[in-house]
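Asks: Dropping the structure in here first, questions after.
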């Protein structure tokens with residue numbers, strides 16, 4: 001046990017260093033936009049550049065974008081067809 005403890009401490013410390021290094025390089029695969037994409041969209045909407053501004057206005061006007069929007073909860077079926085649980 002006395003010989004195993006220092007080895008365990010070194011192993012855990014090594015894992016912590018590797019995990020911390022990996023955090024700085026990790027890009028989540030589920031995110032579609034990077035920080036520079038968001039900055040570009042913010043600048044384009046501020047300058048009212050088309051077609052970005054028109055898309056922003058459509059999102060802003062949508063009922064689900066309003067501050068008083070209440071979620072309808074889960075649905076049995078969800079689809080892109082407007083007649084299938086489409087907001």
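Asks: Tally time: how many residues in the stretch 65-87 are surrounded by 10 or more Cβ atoms within 10 Å (Cβ to Cβ) and at pLDDT 80 or above?
Replies: 3
Asks: Out of curiosity, is residue 14 at pLDDT below 70 and part of a helix (DSSP H, G or I)?
Replies: So residue 14 fails the test.
The values are calculated or read from the model by the stated rules, or taken from the named source; none is laboratory data. Since the structure is predicted, the reported quantities are computational estimates derived from the model, not experimental observations. With ideal geometry, Cβ positions are generated from the backbone for all residues, glycine too; neighbour counts draw on all protein chains shown.
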